[in-house]
Structures are given as structure tokens and as C-alpha cells.
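Only one structure is covered here, and it is reproduced in the block below.
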Amino acid sequence: MAGPWWRDAVVYQVYPRSFADSDASGEGDLQGIRSRLPYLADLAVDAIWLNPFYTSPLHDSGYDVADYFDVDPRFGTLEDFDALVTDAAALKIRVIIDIVPNHCSSRHPWFQEAIIAGPGSDARERFIFRDSPNNWQSAFGGPAWTRTQDGQWYLHLFDSTQPDFNWRHPDVPAMFERVLRFWLDRGAAAIRIDMANTLFKDPELPDLPEDAPLAPYYDQPELHQLYRSWRKILDSYPAGTFPGPRGAVAEIWFSSPGTVRPYLTKDGLPQTFNFRLTLVPWAAAELRAVIDEACELIKDSGGSMPWVLGNHDITRLVSRLGIDQALIRHPTDALKRGEAQVDVPMGTRRARAAVLLLLALPGTAYLYQGDELGLPEHYAIPASRREDPTFRRTGGAAVGRDGCRVPLPWSGTAPPYGFASRPVRTWLPQPTDWATLTVEAELSDPDSVLNLYRAATHLRREHPALGDGDMTWLESNPDELAFTREPGFGFVANLGDKPIYLPAGSRILLASGPIVNRGVPADTAVWLQH
Ligand code: NOJ
């Protein structure tokens, strides 16, 4: 494909704290990632996205940044980052970093200065301090305002240790320009932008009416000018040499296509995530609607929308697809608490089919670490070991996201499953029944989820029809998804109960499950050459 690399790429999301632990501290680190690069090269990924590894008290696992220009000692050093970028480049893997511009840590020197400087000071103007709060709620539960000792309140859309910046103070955009250049100069190939649609708040900070469709901190007009200026910075990096022109992908959970459309332009950020596949039930009509919506959104826009099936904020794919799909619409509580019955074999069968869909769709695909092993959500984390601030802020009513962030199992039959080289208490506990889900075990099983992923990513890399481009739906029954991509590629998935039969004259390239006499059973997807 002729477009920029990011429109085509398979990106693997590395959650550094849970990927690989080089110093047996119980937490993963940059050297651990570096040591596992051959695994990622073997998985044929084009890039890795690293969740934040900056200096941080880790109250929100690193999304509370105390120094945007350094690596937290728990994760390593700047030299480790440089070495990781160099080694990854040697394997043709690009490194994408996470930029957290909506808020910092309350340990950031600016916030500490603001607390000391007191009401009316310029230091407080870099944040959102007020004499009285409004009714906004934190995304992690409880009020979005915390009172300081001198009586003023500051805004935090997340934890109280994550004060929101005031993006209308010139120091804030100026600092983030430096942050961008700092990491792009060090070889970051792209940035993922955390909460890209909330940086500016309505200056009046109005109370949120109960029935408001959108809070007044979403999608403020100034964002577009800011992102045009970031695009200029990204485009100022030279094409022609690896990693080439620099990309950016915005984290935007959009409620309707109209709210995301303004971000999809030729001169704004090149990409915004499309999370829709994670929000709809496993049903042909709903998946098709989401795919059509995306094709319509990006058509002629200049932007593109990477597909996602999982990430560090979402219940694991296998568990999401293994429950009664009516619950997907109200996913959090019953599901996150483990109260919904999860049929793991069914979830795994569907997750296998889902990844063949993901990798066959036009555009970029993001894979979340551990999904390639078919890991289910870990529900049985004791309250005393829970880390997600959501758990604490809701008094345990919402369990939070720890269950999808558990350290990866690499080898062996008991925790820490090769995550660290010697027995260690991992920062989140691993289940004791993951022996068959380790990388080592799955590599030696031809039918494993990992070997399906490997086959699919390698085929995608070689097949001229896959990656960026167009697709054409085929006439099919209501429980089927069937489309072609040229030249010569066909996709069929059966989301119903009765087998469907493959078209004559097509050859099977890859199937997510057994195919008997050209019959595709329930919850199975097939890649075809026609
Ligand atoms: C979105 C991130 O993905 C999530 O993990 C984090 O808690 C919030 N933004 C706040 O930074």
C-alpha cells in the first residue's frame, strides 16, 4: 500500500508493567520488553505502543505523570528507552509512546508549586482551581473536585492525584510541544494521545444537567487548532528513513459519529481509535453496522481509524465474548465483578474468529498483549491486591480494570510463569491455572490461539489485498459476515448456529476453527483466496 505506514500497520500494545520483568521486581520494565523483541518480531507486528513509563507514583498505573521527560526508575532509564528503540528498529518494529496531556500527577512540580503559591497565583492558573466546585464527577467515581488546605478546589476528571491542566494557559501547550519533540527526537515513531477530546473545558465550567448527552469538557473547538499544530510537528520529521513520518492516534470514545467526524481531517491528527468493535454484541448485523459506520466516517476525510478488540481499560476479549451478549450493552458491573457466567471455550472460539475479522478489515489493527494467548479476564483478584483507583474511589462497587492487566505468562507451570526469572510477588497476582496459556505452551501447540495469531499476522503482511484499502460486502444470510478485498481475498464468518458453506472456487488460507466438508461451523471465521 502506498499510504503512510500507520494506515496499514499491525500494532501490538505493550503494557510495560505487565509484559516482562528483567530485574525480578514484580513489575515489568523496558529491559524486559527489549529482551522479548524477538517474540514480537515473530508475531509479525509492525509497531509496539507502550503505555506510560514516565516518572510517576503509579496511582493510575502511570497515567499520573510526574516528569514527562524521564523514565520511572521502576521501568528503567532513558538509555533503556533508547536501546529499546534501536533494537526494535533492527527488527523493523516501530515504537509508539503514550502522551498524557489532560492531566499530570499531583507530584508534578507545577502542581506542587501551585499548591504552595496559593489562590490567585499564576502557578494555579496552569490548573483548574476554583473557590467552589461544580457537579462534575470523576470517571473513576466520586466528585471531580478536591479541596486544598486553603479552601480552593481543583478539577480532576480522574483520580484526585491527577489534576487537570488548564490548556488555555500558554505554559501548557508550550510544555507539550517540548514533550513531543523530546520523544520524537529519541525515535518515537508515533504518539498515542490519552483523553484527546477533553483537554479544553467550557470556560464557564457549567454544572452538568442530568440528561446532558455530552459533558462540557468534550470536543471543545480549540482542540482542532492544537492538533493542527501537533500535526505540523509530526510532519516535520523526515520521510525516507526508518521510522519515517511520525504518526499519532487519538484516544476518543465517541458516542455518535457526529462527535468524532471533526477530528478526521487531512491536517489534524492522522488517526483516532475506533473502539466500536468492543462495544457491540457478537452479532452479524451489529458488527456490520459498526464497520459500515467506520468506512463512511473515514471516506475522503484524510483521517483513519485503527480497529481495536481490547486494551488495558476493557474486559478481556475472551471473557467479553464468552458471556450472554445482552450484557455487552451494560458491560461493567456484572461482567467486571465476575458475576456473569463466562463460557471460556465459547469466548475463545469467538475471540479466534474476531481476530481474523480484525486483521481482515481495511486499515490499522491494534492487538492488546495477552489477547494473542487467549487470556481471559482475571476475576479472582482479592480486594487487598486491587490497584485500579476505580476500586477505591467507588468503595469496591466497581472493581476496575486490573483483571485485564495481569502480568503475562511466558513459560512454566506456576506463577510467575517466566514473567520474571525467579519467584517473585507480581504487582497483580496471576491465576494459578494459566499453565496451558503460556507463550511456551502455546508455541508448541499447533492449534493454539498464539499460532492462529502468528499465521494471520504473517499472511496479512504478505497478502496484497490486506491492510489499508477497500472492502466489498457479499450477499449473505443474516448470521454471516462475508466480504471480499482485491486482489483475490475473501472473508466469511458464521455468527449463527447453523453451518454455512464456502463459495465454490475458493481456497482456504486460514480458518479460526475446524472446517469439515467446506462447512463453516458457528463462531468460526475463514480467510479465502478466490
Ligand atoms: C485513558 C487510559 O487509557 C486509562 O488507562 C487512564 O486511566 C485514563 N485515560 C486517565 O489517564
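The values are calculated or read from the model by the stated rules, or taken from the named source; none is laboratory data. Since this is a predicted model, take the numbers as computed values, not measurements. Glycine gets a Cβ as well: all are built from the backbone with ideal geometry, and neighbour counts include every protein chain shown. Note: areas computed on protein heavy atoms with side chains; ligands, DNA, RNA excluded. Shrake-Rupley method; radii C 1.70, N 1.55, O 1.52, S 1.80 Å.
Restricting the stretch 44-65 to residues that are in a loop (DSSP other than H, G, I, E, B) and closer than 9 Å to Tyr12 by Cα leaves a set whose member that is farthest from the ligand (Cβ to nearest atom) is Asp46.
Within the stretch 384-415, the set of residues being of a type outside the set (S, T, N, Q), away from the ligand (no atom under 15 Å from the Cβ), more than 18 Å from the chain's Cα centre (by Cα) and modelled with pLDDT of 95 or more comprises Arg385, Pro409, Trp410, Gly412, Ala414, Pro415.
Against the conditions (1) closer than 28 Å to Arg130 by Cα; (2) loosely packed, with under 13 Cβ neighbours inside 10 Å, Asp171 satisfies every one except (2). Residue pairs whose Cβ atoms lie under 8 Å apart, separated by 6 or more positions or on different chains, with the first residue in the stretch 279-300 and under 18 Å from Ser476 (Cβ atoms) and in a helix (DSSP H, G or I) and the second modelled with pLDDT of 95 or more and open to solvent by 70 Å² or more (accessible area, probe 1.4 Å), are Ala284/Pro478; Ala284/Asp479; Ala285/Pro478.
Close Cβ contacts (under 7 Å, 6 or more residues apart or on different chains) running from residues in the stretch 306-321 that are touching a residue at least 24 places away in the same chain (Cβ under 8 Å) and open to solvent by 10 Å² or more (accessible area, probe 1.4 Å) to residues that are within 11 Å of the ligand (Cβ to nearest atom) and assigned to a loop (DSSP other than H, G, I, E, B) comprise Asp313/Arg401.
Here the condition is being within 16 Å of the ligand (Cβ to nearest atom), on the phi < 0 side of the Ramachandran plot, open to solvent by 10 Å² or more (accessible area, probe 1.4 Å) and not in a loop (DSSP other than H, G, I, E, B); of Arg17, Arg107, Arg34, it holds for Arg17 alone. If you go through the stretch 68-82 and keep only what is away from the ligand (no atom under 16 Å from the Cβ) and either without any contact (Cβ under 8 Å) to a residue 24 or more places away in the chain or open to solvent by 20 Å² or more (accessible area, probe 1.4 Å) (or both), you end up with Phe69, Asp70, Pro73, Arg74, Thr77, Leu78, Glu79, Asp80, Asp82.
Residue count for the stretch 37-57, restricted to those that are of a type in the set (A, V, I, L, M) and either at pLDDT below 95 or open to solvent by 10 Å² or more (accessible area, probe 1.4 Å) (or both): 1.
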